[in-house]
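For reference, the structure is listed below as structure tokens.
Every read-out reported here was derived from the displayed coordinates using simple, explicitly stated rules and does not represent laboratory data. Quick caveat: nothing in here was measured; it's all calculated off a predicted structure. Counting neighbours? That spans all protein chains shown, and the Cβs are built from the backbone with ideal geometry, glycine included.
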Amino acid sequence: MKVDVKVPIGKSGDWSVEEFTISDSDAELFNLRSAISGAGVCGNRSVVPGTYKKLLHFNSTVMSNTPAEIADSAYFVRKATGSVLVSGLGLGAVLTTLLAKPEVTSITVLERSEDVIKLVAPTFKNEDRITIIHTNALEWKPEKGVKFDCAWHDIWNTICSDNLEDMKRLHRKYSRRCKWQLSWCRRECERQAR
């Protein structure tokens, strides 16, 4: 599935949004590596040739809108309804897919990088269902009584078992505030930890 990210190419501080192309041979190699590594545990981590966008921090890719990355959040997006909490703005791909669902009534996004907000938030300025808060998801304290129907946590740059401690902290922190929550590629991180 391709999600058309409307975020313009640009740079703010150490962050940037760039366009890139995946060739037939690049897609074949990525998909072969994904199959060999067992990354399919995280979802259908495959790509198809085409032009995409990526978010970079210090010239290192943090995320993209490739089918591999979109697949990572597909289950969450499919099940999400009502008031949604999203930890990590990224390119706004998850927001774009959530906004396509009328049963999603509001989305609160927690993003710690002011530069990411400067790059991505203007794309959603006319979306009254979205509130973007400049904060660290691990430290944010919602107002008393604020509840969410579900939460998606995606604040990590790589799929790595080192992320599990933060995932556990986030799930504990928001367990009383959400009916259910998921973290990006948690099962793959747990598989790596075994």
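Can you work out the base-10 log of I(q)/I(0) for the stretch 10-68 at q = 0.19, 0.20 1/Å, using the Debye formula on its C-alpha atoms alone?
One equal scatterer on each Cα of the stretch 10-68 leads to -0.73, -0.79.
Net charge around A100, counting only other residues with Cβ within less than 15 Å of its Cβ (Lys, Arg = +1; Asp, Glu = -1)?
It works out to a net charge of +3.
Can you show me the helix-derived [θ] at 222 nm for the chain, built from DSSP H runs with n ≥ 4 at -39,500 (n - 2.57) apiece and divided by the number of residues, rounded to the nearest 500.
Here the helix-only value at 222 nm equals -9000 deg cm²/dmol.
Hey, can you rank 18-26, 90-98, 72-80, 148-156 by average C-beta count inside 10 Å, highest first?
90-98, 148-156, 72-80, 18-26
If the limit is 24 Å between Cα atoms, which of K6/K101; K79/K147; K6/K168; K79/K144 go over it?
Too far apart for the 24 Å limit: K6/K168; K79/K144.
Under unit Cβ charges (Lys, Arg +1; Asp, Glu -1), what dipole magnitude, rounded to 20 debye, does the stretch 75-193 have relative to its Cα centre?
520 debye
Rounded to whole Å, give me the distance from the Cα center of the stretch 138-194 to that of the stretch 1-37.
When both Cα centres are located, 24 Å separates them.
Each residue of the stretch 59-67 in order: what ³J(HN,Hα) in whole Hz does its phi give by Karplus 6.51 cos²θ - 1.76 cosθ + 1.60, θ = phi - 60°, with x for Gly and Pro?
6, 10, 5, 9, 6, 8, 9, 5, x
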